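One structure is given below, encoded as structure tokens.
Readers should treat all values here as calculations from the given coordinates under stated rules, not as data from a laboratory. Quick caveat: nothing in here was measured; it's all calculated off a predicted structure. Note that each Cβ is placed from the backbone with ideal geometry, even for glycine, and that neighbours are counted across all protein chains shown.
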Amino acid sequence: MRNYDVVVVGAGPAGSAAAHAAAEKGAETILLEEHTRIGYPQHCAGRLHGTRSGIGKKILSDMDSRVALEEVRLRRIFSPRGRVMEVSLGGKDVWIVDRALF
């Protein structure tokens, strides 16, 4: 049995980013995913936060340009009665990425 410094379970955006960061810092890292193809079936929106600083900036700059689909600047919240509330993210850096390409 092989020993690892870091074991990451789940190859979604957060798990993939964590495994990437640990491996870049020199940790013996393994990324485990239950599905045969990473990113399929799609379970989440592939949202990354804080990509202008820290690890997110490095990951976003290393990615193929097709991976980052959209920058999110505003949230719309819909109530059961049909009212809509808009919330600005106020300069927070949030991106939607294509999970399969990521």
Would you mind computing, in nm to one decimal, how far apart the modelled labels at LEU89 and VAL7 are, each placed 7 Å from Cα along Cα→Cβ? 3.4
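Where does each of 12-21, 81-90, 25-34 land if you order them by average Cβ count within 10 Å, highest first?
Details: 12-21: 18.2, 81-90: 8.2, 25-34: 12.8.
In decreasing order of mean packing, 12-21, 81-90, 25-34 become 12-21, 25-34, 81-90.
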Amide H of VAL97: which non-local residues (sequence gap of 5 or more, or other chain) have their own amide H closer than 5 Å, using H built in the peptide plane? ARG47, LEU48, LEU69
So who's got an amide H within less than 5 Å of the one on ALA11, skipping anything under 5 residues away but keeping other chains? H placed 1.01 Å off N, in plane. GLU34
